[in-house]
Amino acid sequence: MIFKIKHFIAADGERFSQLYNGDSTGFPLYYPTSYIARSVRPSVTHETQKVHLEAIKRVCEWEALQNISIAVRFQGREYLRQFEIDGLVRHITASRRSGKGEVISRNKANTYIAYAANYLRWLADETITELNSDIKTAIDKQHEALLSSVARKSGSSPANKQRILAMRLPDEAAQALRKLFEEPLHCVQKNGDKGPRIRNILMLRILYETGMRRGELLSLKLGNFMEAISGESAQLRIERNHHDEFDSRAQQPVAKTLGRTVNISTEAEQQLIAYRDHWRPNSDCHFLFINHRAGRTQGRPVTMTGFYSALNNLKEVFPALAPLYPHLLRHDWNYRFSQKADMERMDFESERTIREMLMGWTPNSEMSLLYNQRHIQERANEIGREIASDTINRGDKKCPAILHRQ
């Protein structure tokens, strides 16, 4: 049985999603819809609601494969046995894109398992009308058995932290990208392809120069672009825009971080002006980056799918860009910011504060502190060298003699 998550826009602009049995057209699944509407939606964003639904979808898939109804089981005071929990966890964590036996990332698996466990606990409370201490104990035991499958977060691993700190664009990809910034129409033959190419390169340039997220990029409106005045650089204003009533995209790209204003280079400003005034199709759409191709979507804002399609097309034409993906540009920006902080001999607190402001992170954010660990490590190494040298400075100069043969 196939299950599908469908996305909708309410009259007031609110986004919401529902889970459907793909074999039928009609009402969404009752319990998942009730759970999201009553227990999840009031406190989380639409993006998080979609993650909850993906976890629940995997639970429903497993039910169908086992030919059981968990709700009916609960009504009969029958709970999942350990071997069933093990099978459910395997199904939840199985990769849908890779080969058989492959699993999703540890962080995503942990999230799905936790969300599935919360849903099943709610479902038990919802379907069992008479709860007593024994039943509550059984529900708690099932809940704990599921959560026991949650692995230690990979984010706590020192090796993973070092991996994040080292993430940056490979030199060949960076060179190819900077060349395209200078010559965005390189290899373009057809006039109809020029506008989309300039838009696509410009989107990548903004990600590269500002480190903003792809959702923030696709949410930029014409009014968010402020040209340079009085010697100040041009800027882009990033706004939190959840449930924007003017956004026609059911899966709305949104800013996950805080709103802020970021600077862009003079060259990027000139290209933005040229794109806005000469290459961008005439449209009443408020969004900066829109679809160019003729058809029913022309003039509408670029979707996340459209963005990735454009990026994949660029990779086919320019193979050196193969390692590039949007969030890598955010990591690369932080790498370059760290280099700049070193050149400026910026102190730890200043580096942390400025980084948080430009990335849209809250004060003392975990990621900000992670990137700033470099200074702590460097200072520790420096102090360690000083202490080691202090041994010799104190007159202990006979020790090296033992290294020579007598």
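Residues in region 64-74: is at least one over 21 Å from L19 (Cα atoms) and β-branched (V, I, T)? So far as region 64-74 goes, no, none of its residues is over 21 Å from L19 (Cα atoms) and β-branched (V, I, T). Residues in region 33-47 that are modelled with pLDDT under 90 and assigned to a helix (DSSP H, G or I): H46, E47.
For every residue, the table says whether it meets (1) assigned to a helix (DSSP H, G or I); (2) surrounded by fewer than 16 Cβ atoms within 10 Å (Cβ to Cβ); (3) charged (D, E, K, R).
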position: R90; (1), (2), (3): yes, yes, yes
position: R97; (1), (2), (3): no, yes, yes
position: N107; (1), (2), (3): yes, yes, no
position: I113; (1), (2), (3): yes, no, no
position: A124; (1), (2), (3): yes, no, no
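Going by what's in this entry, would F74 be described as assigned to a helix (DSSP H, G or I), exposed (fewer than 12 other Cβ atoms within 10 Å of the Cβ) and not polar (S, T, N, Q)? In short, no. Within region 57-70, being surrounded by 17 or more Cβ atoms within 10 Å (Cβ to Cβ) and aliphatic (A, V, I, L, M) holds for V59, I70.
Just to be sure before I move on: is K108 modelled with pLDDT under 95 and under 24 Å from T48 (Cα atoms) in the structure I sent? Yes; evaluated as a whole, the condition is true for this residue. Condition check for K136 on (1) touching a residue at least 12 places away in the same chain (Cβ under 8 Å); (2) over 18 Å from C60 (Cβ atoms): one failure, at (1).
A320 - would you say it is touching a helix residue (DSSP H, G or I) at 6+ places or on another chain (Cβ under 6 Å), in a helix (DSSP H, G or I), modelled with pLDDT of 90 or more and more than 22 Å from T210 (Cβ to Cβ)? It is true that A320 is touching a helix residue (DSSP H, G or I) at 6+ places or on another chain (Cβ under 6 Å), in a helix (DSSP H, G or I), modelled with pLDDT of 90 or more and more than 22 Å from T210 (Cβ to Cβ). Any chance region 331-339 includes a residue that's touching a Gly at 6+ places or on another chain (Cβ under 6 Å) and either assigned to a helix (DSSP H, G or I) or assigned by TED's automatic domain parsing to the domain that holds P281 (or both)? Yes, region 331-339 has at least one match. Out of the residues in region 255-310 meeting the condition of being hydroxyl-bearing (S, T, Y) and in a loop (DSSP other than H, G, I, E, B), tell me which one is modelled with the lowest pLDDT. Looking at the filtered set, the residue picked out is T257.
Taking region 168-225 and the helices (runs of 4 or more DSSP H) fully enclosed by it, the elements with 3 or more residues that are more than 29 Å from D284 (Cα to Cα) are at 171-182.
Across region 337-366, the number of residues qualifying as surrounded by 17 or more Cβ atoms within 10 Å (Cβ to Cβ) and not acidic (D, E) comes to 11. Contact annotation: no residue pair with Cβ atoms under 9 Å, 6 or more positions apart or on different chains, pairs a residue in region 383-398 that is modelled with pLDDT of 80 or more with a partner that is surrounded by 10 or more Cβ atoms within 10 Å (Cβ to Cβ). Regarding region 15-32, can at least one residue be identified that is touching a residue at least 24 places away in the same chain (Cβ under 8 Å), part of a helix (DSSP H, G or I) and surrounded by 13 or more Cβ atoms within 10 Å (Cβ to Cβ)? Yes, region 15-32 contains a residue that is touching a residue at least 24 places away in the same chain (Cβ under 8 Å), part of a helix (DSSP H, G or I) and surrounded by 13 or more Cβ atoms within 10 Å (Cβ to Cβ).
Looking at region 26-47, is at least one residue in the same structural domain as A116 (by TED's automatic domain parsing), more than 25 Å from T129 (Cα to Cα) and of a type in the set (S, T, Y)? Yes, that holds for at least one residue. Pairs meeting the criteria (first residue in region 346-372 and assigned by TED's automatic domain parsing to the domain that holds L207, second residue assigned to a helix (DSSP H, G or I) and of a type in the set (D, E), beta carbons under 6 Å, at least 6 apart or on different chains) are S365/E356; S368/E356; N372/E351.
Yes/no matrix, rows are residues, columns are (1) over 21 Å from the mean Cα position of the chain (by Cα); (2) within 30 Å of P184 (Cα to Cα):
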| residue | (1), (2) |
| --- | --- |
| H286 | yes, yes |
| H292 | yes, yes |
| V302 | no, yes |
| G306 | no, yes |
| S309 | no, yes |
| P323 | no, yes |
| D342 | yes, no |
| L369 | no, no |
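Residue under question is A64, and the condition is that it be of a type outside the set (S, T, N, Q) and free of Cβ contacts under 8 Å to residues at least 24 places away in the same chain; does it hold? Judged against the criteria, A64 is not a match. Residues in region 126-149 that are at pLDDT below 85 and either surrounded by 16 or more Cβ atoms within 10 Å (Cβ to Cβ) or on the phi > 0 side of the Ramachandran plot (or both): S149 alone.
The values are calculated or read from the model by the stated rules, or taken from the named source; none is laboratory data. If you're wondering where the values come from, they're calculated on a predicted model, not measured in any experiment. We place every Cβ from the backbone using ideal geometry, glycine too, and count neighbours over all the protein chains shown.
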